[in-house]
1. Please enumerate the residues belonging to segment 43-60 that are surrounded by 12 or more Cβ atoms within 10 Å (Cβ to Cβ) and out of contact with any helix residue (DSSP H, G or I) (no Cβ under 7 Å at 6 or more places or on another chain).
2. Report, ordered by the first and then the second residue, all pairs with beta carbons closer than 6 Å, sequence separation of six or more or different chains, a first member in segment 48-59 that is in contact (Cβ under 8 Å) with a residue 12 or more places away in the chain, and a second member that is surrounded by 10 or more Cβ atoms within 10 Å (Cβ to Cβ) and polar (S, T, N, Q).
3. Restricted to segment 105-132, and to residues that are in contact with a helix residue (DSSP H, G or I) (Cβ under 8 Å, 6 or more places away or on another chain) and acidic (Asp, Glu), which residue is nearest to Ala62 (Cα to Cα)?
4. Pick out, from segment 73-132, the strands (runs of 3 or more DSSP E) lying fully within it that include 3 or more residues that are without any contact (Cβ under 8 Å) to a residue 60 or more places away in the chain and exposed (fewer than 14 other Cβ atoms within 10 Å of the Cβ).
5. State whether the residues of segment 72-82 include one that is in contact with a helix residue (DSSP H, G or I) (Cβ under 6 Å, 6 or more places away or on another chain), of a type outside the set (A, V, I, L, M, F, W, C) and under 21 Å from Glu48 (Cα atoms).
Amino acid sequence: MGSDPATNSGESNVVNWFEIPVSDMDRAIAFYQTVFAKELTKMEVSGEGLAMFPYNPGNPNATGALIKSANEQPSAIGTMVYFTCADLSAELSRVESSGGKILKEKTSIGEHGFIAHFQDPEGNKAGMHSMV
C-alpha cells in the first residue's frame, strides 16, 4: 500500500486542510484569534460560514478553517488537529482566559518537542506542538 515516504521527497505532506466545527462562529473566532494571535478571515462557501486561519503558500504545514454547518458539530472525540507554536507555553497561557480548558499541560515527547491539549469553547479537543 503506497511506497516508502522516505523515497517520495517531492510529494506533498498527506494533510493539506482541516476544518473545526463550531456552533457560535463569533465566539470561536474570538477564542482562536486570542489564543494563537492570528487573524482569521470570515467568508461563506456553498452556504456555510468559514473563518480561515492564515495561509502562507510555500511554507510547510497545512491550514484550515472554523466551519459552521448544519452537517457538522463540535466534538471532543475523533480526529485531533495540532497547531504549530514557537513555544506552546505562550498560547497555552491564553486558553482559559479565552473561554477554553486545558486538558493536558505542556508535556515532553522527547526529541520531538512538546505537546499540550485543550478544549475550545465550542467543545472541540485540539492540540499544540512546539520544539521548545
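No value in this document is a laboratory result; all are computed from the given coordinates. All of these numbers come straight from a predicted model, not from anything done at the bench. We place every Cβ from the backbone using ideal geometry, glycine too, and count neighbours over all the protein chains shown.
1. Within segment 43-60, Glu48, Leu50, Met52, Phe53, Tyr55 qualify.
2. Glu48/Ser69; Met52/Thr41; Phe53/Thr63
3. Among them, the one singled out is Asp120.
4. Details: elements: 82-84, 101-108, 114-119, 125-130.
Filter on segment 73-132 gives 101-108.
5. First, the residues of segment 72-82 that are in contact with a helix residue (DSSP H, G or I) (Cβ under 6 Å, 6 or more places away or on another chain): none.
For segment 72-82, residues in contact with a helix residue (DSSP H, G or I) (Cβ under 6 Å, 6 or more places away or on another chain), of a type outside the set (A, V, I, L, M, F, W, C) and under 21 Å from Glu48 (Cα atoms): absent.
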